[in-house]
Amino acid sequence: MKRVLKYYLRNLIPAIIILILVGLLFEYLLTEYSKKQNTENNSHIIDLEFRNLSKLLQEPLADLFFISNRRNVSTEDYIIFLKSDFFVFSQSREYYQIRLLDTLGNEMVRVDYKDGNHVIIPDSLLQDKSHRYYFKESRKLQKDQVYISKLDLNQENGQVVSPLEFVIRLVSPIYENNLKVGYTIINVNMNDFIENLVQGVELKKKLLVFNQDSINMSVMACPECTYYETTAETPIFDELTERYTRKALDFRKVVEDFNQHHKTNIALHNKGWISLVADNKIDKEKIWIYRVIIYSILTIILLSFYSFLVTVRVQTTDHKLNRSMKEVLKNEQLLSIKNSQLESFVRIASHDLREPLATIKSTTKSLLDYENKKTDKIFPKYIDFIVRCVDRMDGLTKGILDYAITGKSSNIIRIDMNKLVHEIKLDLHSTIKEKKAKIKHGHLPTISAYPLELKQVFQNLISNSIKYCRNDVPPVIKIEYIETAEFHSFHIIDNGIGISESDRESIFEMFSRLEKKPEEDGLGIGLAITQKLVMLHLGSISIDSNDLGGSTFTFTISKSLDSVV
């Protein structure tokens with residue numbers, strides 16, 4: 001527990017720093033993404049409102065076009081007709097005003113809509129509009145042309161009407177016999193449209209409205225409405241930054257829509273437009289929601305990652321500990337083997353090596369007995385006997401040395417047993433050919449072992465099976481493999497002379513010789529070395545007789561060596 005806690009604390013500060021940096025990065029990316037989404041959404045909303053505005057102006061344009069092309073009576077009769085006609089239009093459309101102006105700018109007919117009532121203005125209250133900008137522009141109109149004014153406030157007698165009336169004026173000239181005789185003007189009520197924009201009634205998005213003079217009509221339409229955090233943030237059109245989405249509707253598009261729908265060919269005389277602006281700023285509440293979500297997710301990821309790291313670290317430590325324990329057990333087994341081998345050395349030193357020395361000593365004393373006697377025949381015989389004893393002792397010493405240095409030349413690697421057996425067949429080719437031996441085996445595994453030592457084990461056992469074969473019977477050697485939970489088990493089965501019960505007990509001891517073939521050359525250390533090499537692989541070796549009359553050597557290789565590779 002202390003180890004885990006220490007590991008957490010040591011990495012806590014860098015992790016927190018990384019968490020904050022990643023969180024800030026994600027917050028920035030999400031904020032930018034939200035701004036982009038807001039911009040696209042605002043652009044879509046503005047386009048929808050522009051379509052609504054175009055639809056709003058289609059009916060007044062149709063009425064204007066209809067009225068302006070109906071002059072077919074005398075002037076006095078036409079004025080009477082228009083008063084009645086304008087009154088009907090005003091009742092059905094609720095236009096602020098429908099007017100007829102002469103070519104000098106004087107009102108000839110006017111119908112107003114006020115407080116829910118439609119009123120034909122008396123002649124005495126008609127006004128001179130020759131000074132107004134829309135009349136000055138309208139004087140330039142030709143036949144089949146229309147003038148659409150900027151979004152403006154309605155004025156009477158030079159004063160802005162209160163409460164404010166937002167209007168767009170549509171003007172069309174009236175011609176009689178190709179002579180311009182007046183102008184029809186419709187003041188379209190824009191109050192409801194602007195109120196919907198500035199308060200976000202339909203699309204839940206407040207929009208700013210600018211006319212073509214870049215005047216902010218929204219503030220006039222709803223001075224109590226809060227568009228921004230402070231009054232100082234109320235933008236001027238020319239100073240709008242990337243924070244805002246702004247688009248303009250060109251009134252030519254309105255006329256194009258009208259012509260397409262009504263199959264007409266009227267033209268817009270002037271350049272006019274209306275601009276809508278939306279704020280792309282993200283709500284603070286949304287930013288805080290982003291932060292909570294981001295840092296919650298990052299915290300969960302961080303804790304999960306740390307949990308994973310600690311788990312891996314603990315598992316790695318446990319794995320190392322297990323390997324160390326296995327290494328200790330292996331070394332303990334090897335130490336036990338070494339102790340056993342040391343006891344064997346003691347036995348050899350006390351018995352096998354002393355035996356030729358005792359023989360030499362006894363022979364030498366016998367020679368002293370013949371000191372004053374004739375020794376022509378006896379002396380060479382004893383000398384030859386002493387030499388053979390010395391040779392035997394030299395062989396024993398060499399065998400002990402070979403036994404002692406066995407298993408000190410290689411490291412554990414992965415070994416393909418099929419290739420290893422093939423190499424042994426090549427090494428023993430002459431002997432196999434001479435004895436007409438056959439070596440059979442199925443598919444053998446790939447295992448972890450000491451390469452040179454394992455090869456010597458197989459070569460010793462195969463050589464032993466060929467060496468101790470029956471007279472006039474070609475040796476047949478079969479290699480079988482059995483896998484268990486802890487060991488790779490190999491069986492070397494031959495059809496040789498077999499093994500007696502007495503030999504079975506001592507065959508793996510140093511300098512042991514078979515009773516059945518004592519005349520065979522050798523020191524009797526091959527199987528002792530084989531046993532030592534098998535024990536080096538943390539396995540065991542044994543011998544039994546088989547149904548063929550021969551012997552079966554069984555030895556195992558520990559699977560724990562896999563962890564050493």
task = Can you give me the number of residues within region 146-165 that are at pLDDT below 90 and in a strand (DSSP E or B)?
result = 6
task = Quick one: residue 77 ticks every box in (1) more than 28 Å from residue 254 (Cβ to Cβ); (2) at pLDDT 80 or above; (3) not in a loop (DSSP other than H, G, I, E, B) except a single one, so which number is it?
result = (2)
remark   = Okay, helices (runs of 4 or more DSSP H) sitting entirely in region 425-515 with 3 or more residues that are free of Cβ contacts under 8 Å to residues at least 12 places away in the same chain and over 60 Å from the mean Cα position of the chain (by Cα), I get 429-435, 501-506
ask   = With respect to residue 34, is the statement that it is of a type outside the set (Asp, Glu), at pLDDT 80 or above, farther than 26 Å from residue 304 by Cα and assigned to a helix (DSSP H, G or I) true?
value = no
ask   = Quick one: in region 185-231, which of the residues that are surrounded by 15 or more Cβ atoms within 10 Å (Cβ to Cβ) and of a type in the set (Gly, Ala, Ser) is modelled with the lowest pLDDT?
value = 221
note = Within region 103-151, the residues that are small (Gly, Ala, Ser) and within 60 Å of the chain's Cα centre (by Cα) are 149
task = Go over the candidates 124, 172 one by one and state the one that is loosely packed, with under 14 Cβ neighbours inside 10 Å and modelled with pLDDT of 90 or more.
result = 124
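The values are calculated or read from the model by the stated rules, or taken from the named source; none is laboratory data. This one's a predicted model, so the numbers in the text were calculated from it and none came from an experiment. Neighbour counts are summed over all protein chains in view; Cβ atoms, including those assigned to glycine, are modelled from backbone coordinates with ideal geometry.
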